[in-house]
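So the structure is just underneath, and the comments pick up after that.
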Amino acid sequence: MRGKQAPKRKFKPDVKYHRLDIAKLINYIMRDGKKSTAEKIVYGAFDHIDVKTKEDPQSIYELAIRNIGPSLEVRGRRVGGANYQVPFPVSDDRRQVLAFRWIIAAAKTRKGKPMSIALAEEIMDAAKGEGSAIKKREDMHRMAESNKAFAHFARFSKKKR
């Protein structure tokens, strides 16, 4: 790693629910600095969840993010001239980032619908344990499971560097 590590940025909670994780989701959806548009998408999705399920949209969102976040991921390691896909545990921050990334990508692939409705449907599907984002997590876990024979290479990552 070259240079200094980028400092952790502090940011404010979102306006409506006063939660940091929802503010992060809004920031991930935001394009070209248009935060108000991203807020409309997220809050519209939460309103749609409320209308469809008649439950608290925050609890459904939390369940969806918990269901999507992976516990293991594979990273490439070069050992003795060969590249191995080594399974590593995922930190909490990265788990949340991956969950956001996958849920937004899955919502974008739902064509013919406004983004807020597509996001709401993807969150509801993830809360039920289905949908594209859940499939992505299962694929990652399957990859880690099939490469667990190389897990012993994970121990050497700190010593060699």
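The values are calculated or read from the model by the stated rules, or taken from the named source; none is laboratory data. These numbers come from a predicted model, not from an experiment. In this analysis, Cβ positions are derived from the backbone assuming ideal geometry, glycine residues included, and neighbour counts consider all displayed protein chains.
Pick out the one residue from Leu20, Leu25 that is surrounded by fewer than 16 Cβ atoms within 10 Å (Cβ to Cβ) and under 19 Å from the mean Cα position of the chain (by Cα). First the steps, then the outcome.
Numbers: Leu25 fails: surrounded by fewer than 16 Cβ atoms within 10 Å (Cβ to Cβ).
Only one candidate qualifies: Leu20.
Condition (residue is of a type outside the set (Ser, Thr, Tyr), farther than 30 Å from Asn147 by Cβ and at pLDDT below 90) applied to the stretch 27-47: is it met by at least one residue? Show your work before the answer.
Taking the stretch 27-47 and keeping what is of a type outside the set (Ser, Thr, Tyr), we get 27, 29-35, 38-42, 44-47.
Among the residues that remain, those that are also farther than 30 Å from Asn147 by Cβ are: 27, 29-35, 38-42, 44-47.
Checking which are at pLDDT below 90 leaves us with none.
No, the conditions are met nowhere in the stretch 27-47.
Please verify whether Met143 is farther than 22 Å from Val42 by Cβ and hydrophobic (A, V, I, L, M, F, W, C), treating the condition exactly as stated.
Numbers: farther than 22 Å from Val42 by Cβ: yes; hydrophobic (A, V, I, L, M, F, W, C): yes.
Yes; evaluated as a whole, the condition is true for this residue.
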Single residue of the stretch 137-151 satisfying the filter (free of Cβ contacts under 8 Å to residues at least 40 places away in the same chain and within 17 Å of the chain's Cα centre (by Cα)) that is farthest from Leu63 (Cα to Cα) = Asp139
Could you figure out which of (1) assigned to a helix (DSSP H, G or I); (2) under 18 Å from Lys128 (Cα atoms); (3) under 12 Å from the mean Cα position of the chain (by Cα) isn't true of Ile49?
-> (3)
Give just the number: which of (1) touching a Gly at 6+ places or on another chain (Cβ under 7 Å); (2) without any contact (Cβ under 8 Å) to a residue 40 or more places away in the chain; (3) farther than 30 Å from Ala149 by Cα; (4) not β-branched (Val, Ile, Thr) does Ser116 not satisfy?
-> (2)
Leading residue by the ranking (farthest from the chain's Cα centre (by Cα)) among those in the stretch 72-108 that are closer than 16 Å to Lys135 by Cα and without any contact (Cβ under 8 Å) to a residue 24 or more places away in the chain = Lys108
Can we say Ala118 is aliphatic (A, V, I, L, M) and either under 28 Å from Glu55 (Cα atoms) or in contact with a helix residue (DSSP H, G or I) (Cβ under 8 Å, 6 or more places away or on another chain) (or both)?
-> yes
Which of the residues spanning the stretch 110-127 are assigned to a helix (DSSP H, G or I) and either at pLDDT below 95 or touching a Leu at 6+ places or on another chain (Cβ under 6 Å) (or both)?
-> Ala127
